[in-house]
1. Here are LEU350, LEU301: which of them is more than 23 Å from ILE411 (Cα to Cα), of a type outside the set (Val, Ile, Thr) and either surrounded by 21 or more Cβ atoms within 10 Å (Cβ to Cβ) or without any contact (Cβ under 8 Å) to a residue 60 or more places away in the chain (or both)?
2. Restricting the first residue to the range 117-137 and requiring it to be part of a helix (DSSP H, G or I), which pairs with a second residue that is among the aliphatic types (A, V, I, L, M) and open to solvent by 10 Å² or more (accessible area, probe 1.4 Å) meet a Cβ separation below 8 Å and a spacing of at least six or different chains?
3. So which helices (runs of 4 or more DSSP H) stay within the range 1-98 end to end and still have 1 or more residues that are more than 24 Å from the chain's Cα centre (by Cα) and aromatic (Phe, Trp, Tyr)?
4. Has the range 312-322 got at least one residue that is free of Cβ contacts under 8 Å to residues at least 40 places away in the same chain, in contact with a Pro (Cβ under 8 Å, 6 or more places away or on another chain) and among the acidic types (Asp, Glu)?
5. Give the residues of the range 159-180 that are in a loop (DSSP other than H, G, I, E, B) and either at pLDDT 95 or above or open to solvent by 10 Å² or more (accessible area, probe 1.4 Å) (or both), sorted by residue number.
6. Taking LEU264, is it open to solvent by less than 30 Å² (accessible area, probe 1.4 Å) and in a strand (DSSP E or B)?
7. In the range 93-117, what residues are among the charged types (D, E, K, R) and either surrounded by 18 or more Cβ atoms within 10 Å (Cβ to Cβ) or under 18 Å from THR72 (Cβ atoms) (or both)?
8. Could you please find all residues in the range 384-410 being touching a residue at least 40 places away in the same chain (Cβ under 8 Å) and either open to solvent by 50 Å² or more (accessible area, probe 1.4 Å) or not in a helix (DSSP H, G or I) (or both)?
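The values are calculated or read from the model by the stated rules, or taken from the named source; none is laboratory data. Note that the structure is a prediction, hence the values are computed from the model and not measured. Note that we place each Cβ from the backbone using ideal geometry, even for glycine, and neighbour counts take in every protein chain shown. These area figures cover heavy atoms from the full protein model, side chains too; ligands, DNA and RNA do not enter into them. Shrake-Rupley method; radii C 1.70, N 1.55, O 1.52, S 1.80 Å.
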Amino acid sequence: MNLDNIHNVYFIGIGGIGMSALARYFHAKNKRVAGYDKTKTEITDALETLGIQVHFNDSVSNIPEPFFNYDTTLVVYTPAIPKDNMELVYFKNQPGFTVLKRSQILGIITENTFCLAVAGTHGKTTTTSILGHLLYECQVPVTAFLGGISENYNSNLILNGTEVTVVEADEFDRSFLTLSPDIACITSMDADHLDIYGDAKELVKSFKGFSKRVKAQGKLFVKNGLPIHGITYGIEDDSDYSIHNITIQNGMYVFDVKTPETTLENLQFNLPGRHNLSNALIALAMAVAYGCPHQQLAKALASYKGVKRRFSYHIQTDELVFIDDYAHHPEEINAVYQAVREMYPGKKVLAVFQPHLFSRTRDFADEFAKSLSQFDEVMLLDIYPARELPIEGVTSAWLLDKMETKNKQVINKSELVSKIKESQAQIVLTIGAGDIGEEVKHIKKALSVAS
């Protein structure tokens, strides 16, 4: 379809991180944009500040009048929206309207651009954000759609032109199979989304399908050890692109990167954790493959600030550190633990975790229990249901019983701040992909007063 003929874009689920990036994009392209979401958040507040109309009651009567013109209106929805959403049902049943998923729109936007796509069960958002920043700082005419809010740009959209696009290739409901990238990477293929795939073999099959979507003359990068052929990258190994000579100086990583042609020495990167080093490496490799000058890339990498809710510091004093992270899979929790232990050896760590999805909690209960048991103290909030109905027997109390750590409890959101203040931990972590992020400002305020 020709997006130039579209004047109105209506979003069902506009407050989602990927959806809101698209809303910003179409608003910047001078389209009329509006949408629905069930919850008012900082993201929807930011959209409304731009002049985008957002409402929070699912009702066809709340849709602004211009969006009923099917000739000039595009309707975009997220798979996280229930199938019985009244607005979605209305548009799907009305003849003439074009109703597409977010992933399909990304496919349309990117098909006439030079596309760099980041796939993987972990690391997509940070890697995409680093890559978008590197290309922007190298004056590439790029549009980058991010799955989080970049600290450098305070946005989930980097817009510096439209010839090049950077996108997250999302494996959820196989939506990354709508893309045909010129350069792509696969960061990881750990089992996830088993409510969609059924088992890990189907997930791997889907990633192999994505690898075949890379254009004939394109380049595919894969983390060393994954069962897919491509240009390899890794840390302190024999990959095509590899990091060596790692030191920590003044709280940042300093390291060398070996490429097939040369070695880049004394690069600097601010984010803690080996998983973030890996993300930085693949973003750098993709930028090198695009053709960015090495000297500019080194400077850009050192200036990267991170993504909100990805190991985000909210309090950082000698007495107390408060970090918030989006981790919602056992491997991501392991990565957070590794980063905390590397940066704060010997200090007592409290992890406050909100499990995300009943199905994910059920499918990885033993793995979650093992990951969480590494921390000195753990508090569990109730499971955040997102798109799901409860599963009998799958609760935070059930997960807590599987954990080996002795200092553990299930708490209500209403007592979250008071329970954290009672803890003797020197490092406080809030972890999860649900609405725990909305509690961060309250926790920060309370802990700042206490300290």
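1. Numbers: LEU350 fails: more than 23 Å from ILE411 (Cα to Cα).
Result of the check over LEU350, LEU301: LEU301.
2. As it stands, the answer is THR126/LEU271, since those pairs meet every condition given.
3. Numbers: elements: 17-28, 42-49, 86-93.
Where helices (runs of 4 or more DSSP H) fall fully within the range 1-98 and carry at least 1 residues being more than 24 Å from the chain's Cα centre (by Cα) and aromatic (Phe, Trp, Tyr), they are 86-93.
4. Looking through the range 312-322, none of the residues is free of Cβ contacts under 8 Å to residues at least 40 places away in the same chain, in contact with a Pro (Cβ under 8 Å, 6 or more places away or on another chain) and among the acidic types (Asp, Glu).
5. Our first condition is that a residue be in a loop (DSSP other than H, G, I, E, B); within the range 159-180, this holds for 160-163, 170-171, 179-180.
Correct list: ASN160, GLY161, THR162, GLU163, ASP170, SER180.
6. Working: open to solvent by less than 30 Å² (accessible area, probe 1.4 Å): yes; in a strand (DSSP E or B): yes.
Criteria met by LEU264.
7. Residues of the range 93-117 that are among the charged types (D, E, K, R), as a first pass: 101-102, 111.
Result: ARG102, single match.
8. TYR384, ALA386, ARG387, GLU388, listed by residue number.
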